[in-house]
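**Student:** The structure is given below, and queries will be raised subsequently.
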Amino acid sequence: MTITIEYYLILSAFMFLVGVVGVLINRNAIVVFMSIELMLNSANLTLVTFSSFLGNSIGQLFVFFVMTVAAAEAAVGLAIIIAIFRNKLTVNIDEINILKW
Amino acid sequence: MNIEVFLFFLFGIVAAVTAVIMITRRNPVISALFLILNFASLAGLYITLNAQFIAVTQIIVYAGAIMILFLFVLMLLRPESQKKFFELNPKTKIFAIIVAFIVFAQLVYMIFFASPSANISKDVSKSVEAGTIEAIGRELFTNYVVPFEAAGFLLLAATIGALVLAKKKFD
């Protein structure tokens, strides 16, 4: 038995959809952010899989850029959550509806 | 059973199980800790794929820096205000799981329909060569130097933006 490329792709698809379910069922803004990180990581796993199986390092280069964007997104997103918590004293995304008309 | 199969199933099962545990915990600190375990097992999977540089960066950047930031914010905010989060409409939960299951079935069907392993066979020496810091750094500083500078500028902008947002009250 050898590990073919399909095993990694199915694991990556599973992790992505767990992240989607996490975004949909959680009401805590920080847990929603963590689910988004999970989805980004599953996309990274697909990129590294193809890069390794094709013997081409461009895929791993793009993982590097995805990590940069994820770090920037986490810093700005958590700053926004702290600012909202100061104003509304909650991080429940059902109560943060000031943009809803 | 050779070591590659064993390591894939070990890290893969840990990654899948910790992802599911992460989204179903009530306490967000526990889910953050399980997410760190998930990232660590992903680093193990990157090692099995011969991507050494990405595996080390995964540990340092994700499991180190980003998750410490998350835990810091979680412990800064008030924990008792997070109790009633899971009492949401059960219809939403069932709908989310059904939609995710349908999309997962579609993806699995597409992966097996295309069957990429028929066209791609792994060349171990090329794969090891592609994952070294040398190969990635050569691409990064020659063909991809403009995206690299853009990434640096993005990090600077994010640092300043986070400082400005967290400093003053917007009222």
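The values are calculated or read from the model by the stated rules, or taken from the named source; none is laboratory data. Predicted, not measured: the structure shown is a model, and the values here were computed from it. Note that we place each Cβ from the backbone using ideal geometry, even for glycine, and neighbour counts take in every protein chain shown. Please note that ligands, DNA and RNA were not included when accessible areas were found on the heavy atoms of the full protein model with its side chains. Shrake-Rupley method; radii C 1.70, N 1.55, O 1.52, S 1.80 Å.
**Student:** In whole percent, and with a 1.4 Å probe on the protein chains, what portion of the accessible area of chain B is carbon and sulfur?
**Tutor:** The value for chain B is 73 percent carbon and sulfur by accessible area.
**Student:** Where nothing but the Cβ of Lys and Arg (+1) and of Asp and Glu (-1) is charged, how large is the charge dipole of the range B:132-171 around its Cα centre, in debye to the nearest 20?
**Tutor:** For the range B:132-171, the charge dipole is close to 320 debye.
**Student:** Distance check, please: which entries in B:Lys93/B:Lys122; B:Lys93/B:Lys167; A:Lys88/B:Lys91 exceed 31 angstrom between their Cα atoms?
**Tutor:** B:Lys93/B:Lys122; B:Lys93/B:Lys167
**Student:** A further question on this structure: Where does chain B land at 222 nm, in deg cm²/dmol rounded to the nearest 500, when only DSSP H runs of n ≥ 4 count, each adding -39500 (n - 2.57), divided by all residues?
**Tutor:** It lands at -23500 deg cm²/dmol.
**Student:** Same structure, new question: With only Lys, Arg, Asp and Glu charged, each at its Cβ (+1 for the first two, -1 for the last two), find how big the charge dipole of the protein assembly as shown is about the Cα centre; round to the nearest 20 debye.
**Tutor:** Value, rounded to 20: 1080 debye.
**Student:** A follow-up question, please. Need one number: buried accessible surface between chains A and B, 1.4 Å probe, both sides summed, DNA, RNA and ligands left out, in Å² to 100.
**Tutor:** By this definition, chains A and B bury close to 7200 Å².
**Student:** With a length cut of 24 Å (Cα positions projected on each helix's long axis) and a Kyte-Doolittle mean of at least 0.0, go through chain B and give me the DSSP H helices that pass.
**Tutor:** Those that clear 24 Å and a mean of 0.0 are B:3-24, B:28-48, B:90-114, B:145-167.
**Student:** Along the charge dipole of the range B:1-155, Cβ charges K/R +1 and D/E -1, which of B:Phe72, B:Gly12, B:Ile133 sits furthest on the positive end?
**Tutor:** Going by the charge dipole, the pick is B:Phe72.
**Student:** Further, regarding this structure: Between B:Thr132 and B:Arg25, take the C-beta separation as r, use R0 = 41 Å, and let me know the FRET efficiency to the nearest 0.05.
**Tutor:** Computed FRET efficiency for B:Thr132 and B:Arg25: 0.60.
**Student:** Using the Cα centre of chain B as the reference point, and only Cβ charges (+1 on K/R, -1 on D/E), how large is the resulting charge dipole? Debye, rounded to the nearest 20.
**Tutor:** 880 debye
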